[in-house]
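The values are calculated or read from the model by the stated rules, or taken from the named source; none is laboratory data. None of the values given here were measured: they were computed from a predicted structure. We place every Cβ from the backbone using ideal geometry, glycine too, and count neighbours over all the protein chains shown. Ligands, DNA and RNA are stripped out before the accessible areas are found, and what is left, the full protein with its side chains, is counted by its heavy atoms. Shrake-Rupley method; radii C 1.70, N 1.55, O 1.52, S 1.80 Å.
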Amino acid sequence: MEHEPAVEVAGLVKRYGTRPAKTAVDGLDLTVLRGTVTAVLGPNGAGKTTTVEVCEGFRRPDAGTVRVLGLDPLRDAAALRPRIGVMLQSGGVYPGARAQEMLRHTARLHADPLDVDMLVERLGLDACGRTAYRRLSGGQQQRLALAMAVVGRPELVFLDEPTAGLDPQARRATWDLVRELRADGVSVVLTTHFMDEAEQLADHVAIIDGGRVIAEGSPARLCRGGAENSLRFGGRPGLDLETLLKALPPDSVAVEPSPGSYRVQGDVGPQLLATVASWCAQHGVMPDSITVERRTLEDVFLELTGKELRG
């Protein structure tokens, strides 16, 4: 039904091996709303790939419930597969198959596929269309996998590291395609190690570590939390910051870390920026520069998951 989430995961548990078993996913909850792009982020071994593979129907959960488009990915696999697209990071294509032949074959499996020639041109696959998959570059294999995932006009598409190994032009083309999928009402679940990609594309971000979602929200909301944003400007040394503080919202901070360099911390937005600019004008200050500094999604990710390398 239209009001149901595209993906709903509750209390998901997945273990591997025995004596002792390794818990890859430990009571994870995740909701993906329809018509949105959700980025699933996490360090290596966090459980994000296992979670997505359970949603795709490739792995059986040990506990919890998973619903994809309102269906069980395992029990209702036959009904679900025509409605979803899956882009694997590697594999899924016969090594000897030619690129365009594989794409056209995939298109014929669907009732109302996208125009193959359009996809070939859009993703720059025309030059390698007759090349065997095993002879394609890593970037060409990625673009072919993306085309195969979306050619069937899925309601929901899972994209695993869709821009890994792509050059800047191909990366931008992929971003544009993801945006168009969302505009057409397609739900997208994106796993990526590129934080800027998640910031640019995602409506919702879920950060996973230790088999659980440890933070989630829009990129803007996640970047607003925790440490305050700051505004910096330069001017003559020794400005009267007491008068500036009186003009700023409560709980703001204004300091001069070094002569002629000023930092304002607080709820940095259009109103605070206008207040600082107005104060400068009233006091005859011509700022050398005004810079708004915000935490990035990468800053948030490292704060939550740590900076140590993972295997």
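Has segment 48-63 got any residue that is hydrophobic (A, V, I, L, M, F, W, C), free of Cβ contacts under 8 Å to residues at least 60 places away in the same chain and not in a loop (DSSP other than H, G, I, E, B)?
Start the filter on segment 48-63 by keeping residues that are hydrophobic (A, V, I, L, M, F, W, C), which leaves 52, 54-55, 58, 63.
If we keep only those that are free of Cβ contacts under 8 Å to residues at least 60 places away in the same chain too, we end up with 54, 58, 63.
In the following step, the residues that additionally are not in a loop (DSSP other than H, G, I, E, B) were identified as 54, 63.
Yes, segment 48-63 has at least one match.
So, in segment 207-229, of the ones that are of a type in the set (Lys, Arg) and at pLDDT below 90, which residue ends up surrounded by the fewest Cβ atoms within 10 Å (Cβ to Cβ)?
Step by step, filter segment 207-229, then rank; the result is ARG221.
Considering each residue of segment 91-110, count those that are under 10 Å from TYR133 (Cα atoms) and basic (Lys, Arg), and give that number.
Counting residues in segment 91-110 that are under 10 Å from TYR133 (Cα atoms) and basic (Lys, Arg) gives 1.
Can you go through GLU199, GLU216 and tell me which one is in a helix (DSSP H, G or I), within 30 Å of ALA164 (Cα to Cα) and not small (Gly, Ala, Ser)?
Answer to the check: GLU199.
Which residue pairs have Cβ atoms under 6 Å apart, sit 6 or more places apart or on different chains, and have a first residue in segment 236-261 that is without any contact (Cβ under 8 Å) to a residue 60 or more places away in the chain and a second that is open to solvent by less than 50 Å² (accessible area, probe 1.4 Å) and assigned to a loop (DSSP other than H, G, I, E, B)?
PRO237/GLY260
So if I check each of GLN100, GLN142, which one is part of a helix (DSSP H, G or I) and within 23 Å of PHE58 (Cα to Cα)?
The match here is GLN142.
Of everything in segment 75-90, what is open to solvent by 60 Å² or more (accessible area, probe 1.4 Å) and touching a residue at least 40 places away in the same chain (Cβ under 8 Å)? Give them in sequence order.
Matches in segment 75-90: PRO82, ARG83, LEU88, GLN89, SER90.
Every residue, every condition in (1) within 17 Å of ALA149 (Cβ to Cβ); (2) crowded, with 19+ Cβ neighbours inside 10 Å; (3) of a type in the set (Asp, Glu), yes or no:
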{"site": "ASP29", "(1), (2), (3)": "no, no, yes"}
{"site": "ALA39", "(1), (2), (3)": "yes, yes, no"}
{"site": "GLY45", "(1), (2), (3)": "no, no, no"}
{"site": "PHE58", "(1), (2), (3)": "yes, no, no"}
{"site": "LEU69", "(1), (2), (3)": "yes, yes, no"}
{"site": "PRO73", "(1), (2), (3)": "yes, yes, no"}
{"site": "GLY92", "(1), (2), (3)": "yes, no, no"}
{"site": "LEU103", "(1), (2), (3)": "yes, yes, no"}
{"site": "ALA111", "(1), (2), (3)": "yes, no, no"}
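Does ARG232 satisfy the condition of being outside any loop (DSSP other than H, G, I, E, B), touching a residue at least 60 places away in the same chain (Cβ under 8 Å) and open to solvent by 30 Å² or more (accessible area, probe 1.4 Å)?
In short, yes.
Return a yes/no flag: does segment 246-263 have any residue that is open to solvent by 20 Å² or more (accessible area, probe 1.4 Å), out of contact with any Gly (no Cβ under 8 Å at 6 or more places or on another chain) and in a helix (DSSP H, G or I).
Yes, the conditions are met somewhere in segment 246-263.
Within segment 145-182, can you find the residues that are open to solvent by 50 Å² or more (accessible area, probe 1.4 Å), in contact (Cβ under 8 Å) with a residue 40 or more places away in the chain and outside any helix (DSSP H, G or I)?
ARG153, GLU155
Being among the small types (Gly, Ala, Ser) and in a helix (DSSP H, G or I) is the filter; apply it to segment 112-139 and report the residue that is nearest to LEU177 (Cα to Cα).
GLY139
Would segment 277-300 turn up any residue that is in contact with a strand residue (DSSP E or B) (Cβ under 9 Å, 6 or more places away or on another chain), of a type outside the set (A, V, I, L, M), free of Cβ contacts under 8 Å to residues at least 12 places away in the same chain and within 30 Å of GLY238 (Cβ to Cβ)?
No - not one qualifying residue is present in segment 277-300.
I need a count of the residues in segment 115-144 that are in contact with a Gly (Cβ under 6 Å, 6 or more places away or on another chain), open to solvent by less than 30 Å² (accessible area, probe 1.4 Å) and not hydrophobic (A, V, I, L, M, F, W, C).
Of the residues in that region, 2 qualify.
Given (1) surrounded by fewer than 16 Cβ atoms within 10 Å (Cβ to Cβ); (2) farther than 20 Å from GLY306 by Cβ, where does HIS204 come up short, assuming only one miss?
For HIS204, the exception is condition (1).
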